[in-house]
């Protein structure tokens with residue numbers, strides 16, 4: 001049985017080069033983000049915030065993000081037009097992952 005990753009594991013990964021360019025995992029959706037602007041975004045599981053910075057600096061959108069392992073601006077329940085989640089579903093239990101998948105529009 002594989003042991004689930006802990007926050008300490010992810011902090012170690014980030015400190016040792018995990019996802020040094022967060023935009024790599026988002027390149028396929030970046031054009032879609034631009035097409036949806038101006039809009040507001042919240043990136044949950046944003047790593048070091050590369051995509052959040054890119055949206056704020058290079059598009060007509062605005063973004064905030066949070067990552068439990070790295071930090072950031074926790075979502076305070078504010079309304080946003082779009083939520084982004086890259087590389088986070090493995091942190092959900094099966095029931096929540098199914099609920100998340102079927103609630104996405």
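The values are calculated or read from the model by the stated rules, or taken from the named source; none is laboratory data. Note that the structure is a prediction, hence the values are computed from the model and not measured. Note that each Cβ is placed from the backbone with ideal geometry, even for glycine, and that neighbours are counted across all protein chains shown.
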Query raised in the report: Going by the structure shown, is residue 47 modelled with pLDDT of 65 or more, surrounded by 15 or more Cβ atoms within 10 Å (Cβ to Cβ) and in a loop (DSSP other than H, G, I, E, B)?
Result: yes
Query raised in the report: For residues in the range 76-103 being under 15 Å from the mean Cα position of the chain (by Cα) and within 11 Å of residue 41 (Cα to Cα), which is modelled with the highest pLDDT?
Result: 81
